[in-house]
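S.K.: Dropping a structure here in structure tokens format, bear with me for questions.
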Amino acid sequence: MQFTEFGLDKRLLSAIEHMGFEQATEIQHQAIPAAMSGHDLIASSKTGSGKTLAYLLPAMQRLIKNRPLAKRDPRVVILTPTRELAKQVFAQLRLFTSGTQFKSVLILGGENFNDQVKVLEKDPQFIVATPGRLADHLSQGHFYLNGLELLILDEADRMLDLGFSKQLAQINKAADHRKRQTLMFSATLDHAQVNDFALELLNKPKRIAIGHAH
Ligand code: ADP
Ligand code: MG
């Protein structure tokens, strides 16, 4: 399937063209339409199969098409297990947001806390973060999640392996389940903790599993 067939905004298509991509990968083919139709997702496919664009494109599309639920709150939060992954995701996100009105910020553990407070005060629409540091800012009231539209958990299995379940539960609780959509991506789904967590965080999720048994 070609990217042009998803009904994505022209600006997104031109960014994809710049990246040099034409054909969606299998996970993109399945996850993009499902996410665009508003479903919560629990999706898995192997490393290197293109999961980042599978969630960044529906996220961007939603921001472009929908009115914000709240003026100041972030609209999309993307959580990743490691600083390195968060930086990679952020770099891909910037290929879509640079030159638009959408502000995106990267909030990582180990970096200057007060600098992050200042950045959060600018009311970014997108936050890419590692869960521990984001949960700290949330506890201290440096931002709110009442207007959150999309919560994305990238490499959910690794986040749970690294012991972030408490922080994830805290972030989950701060954002209204009825208003937001949740997308959970991981390399495998045969991880009991991922499934338990999915029950808690996701609302009637659609399951997408590429390249391994359901
Ligand atoms: P995953 O998260 O599944 O490990 P990534 O999102 O990191 O995979 O993508 C792996 C690589 O494939 C990246 O270099 C990305 O730019 C590239 N890629 C993503 N989608 C496509 C596509 N549709 N066609 C060609 N390359 C792609
Ligand atoms: Mg990935």
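S.K.: What residue, among those in the stretch 126-174 that are among the acidic types (Asp, Glu) and more than 20 Å from Asp40 (Cα to Cα), is surrounded by the fewest Cβ atoms within 10 Å (Cβ to Cβ)?
M.R.: Filtering the stretch 126-174 for residues that are among the acidic types (Asp, Glu) and more than 20 Å from Asp40 (Cα to Cα), the one surrounded by the fewest Cβ atoms within 10 Å (Cβ to Cβ) comes out as Asp161.
S.K.: Shifting gears a bit: What are the pairs, 6+ residues apart or on separate chains, where a residue within the stretch 57-85 that is at positive phi and without any contact (Cβ under 8 Å) to a residue 12 or more places away in the chain has its Cβ under 9 Å from a residue that is small (Gly, Ala, Ser) and in a strand (DSSP E or B)?
M.R.: Close Cβ pairs (under 9 Å, with a partner that is small (Gly, Ala, Ser) and in a strand (DSSP E or B)) do not exist here.
S.K.: Just the residues that are surrounded by 15 or more Cβ atoms within 10 Å (Cβ to Cβ) and more than 16 Å from ligand 1 (Cβ to nearest atom), please, taken from the stretch 67-86.
M.R.: Of everything in the stretch 67-86, those that are surrounded by 15 or more Cβ atoms within 10 Å (Cβ to Cβ) and more than 16 Å from ligand 1 (Cβ to nearest atom) turn out to be Ala70, Asp73, Pro74, Arg75, Val76, Val77.
S.K.: Something else about it: Looking at the stretch 107-132, which of its residues are among the charged types (D, E, K, R) and either in contact with a helix residue (DSSP H, G or I) (Cβ under 7 Å, 6 or more places away or on another chain) or under 19 Å from Thr82 (Cβ atoms) (or both)?
M.R.: Of everything in the stretch 107-132, just one residue is among the charged types (D, E, K, R) and either in contact with a helix residue (DSSP H, G or I) (Cβ under 7 Å, 6 or more places away or on another chain) or under 19 Å from Thr82 (Cβ atoms) (or both), namely Glu111.
S.K.: Could you check the stretch 153-206 for helices (runs of 4 or more DSSP H) lying wholly inside it with 2 or more residues that are over 14 Å from the mean Cα position of the chain (by Cα) and within 20 Å of Arg133 (Cβ to Cβ)?
M.R.: 156-161, 165-174
S.K.: Let me ask something else. For a quick check of your reading of the model, give me the residue pairs whose first member lies in the stretch 33-46 and is free of Cβ contacts under 8 Å to residues at least 60 places away in the same chain, whose second is assigned to a helix (DSSP H, G or I) and of a type in the set (D, E, K, R), with beta-carbon atoms closer than 8 Å and at least 6 apart or on different chains.
M.R.: Met36/Arg62
S.K.: Mind listing just one residue for me: the one in the stretch 175-194 that is more than 17 Å from Ile42 (Cα to Cα) and surrounded by fewer than 21 Cβ atoms within 10 Å (Cβ to Cβ) and, of those, modelled with the highest pLDDT?
M.R.: It comes out as Lys179.
S.K.: How many of the residues in the stretch 90-123 are closer than 18 Å to Leu57 by Cα, touching a Ser or Thr at 6+ places or on another chain (Cβ under 6 Å) and either of a type in the set (D, E, K, R) or surrounded by 18 or more Cβ atoms within 10 Å (Cβ to Cβ) (or both)?
M.R.: The total comes to 3.
The values are calculated or read from the model by the stated rules, or taken from the named source; none is laboratory data. In this text, all values refer to a predicted model and were calculated from it rather than measured experimentally. Here Cβ is always computed from backbone atoms with ideal geometry, including for glycine, and neighbour counts include all displayed protein chains.
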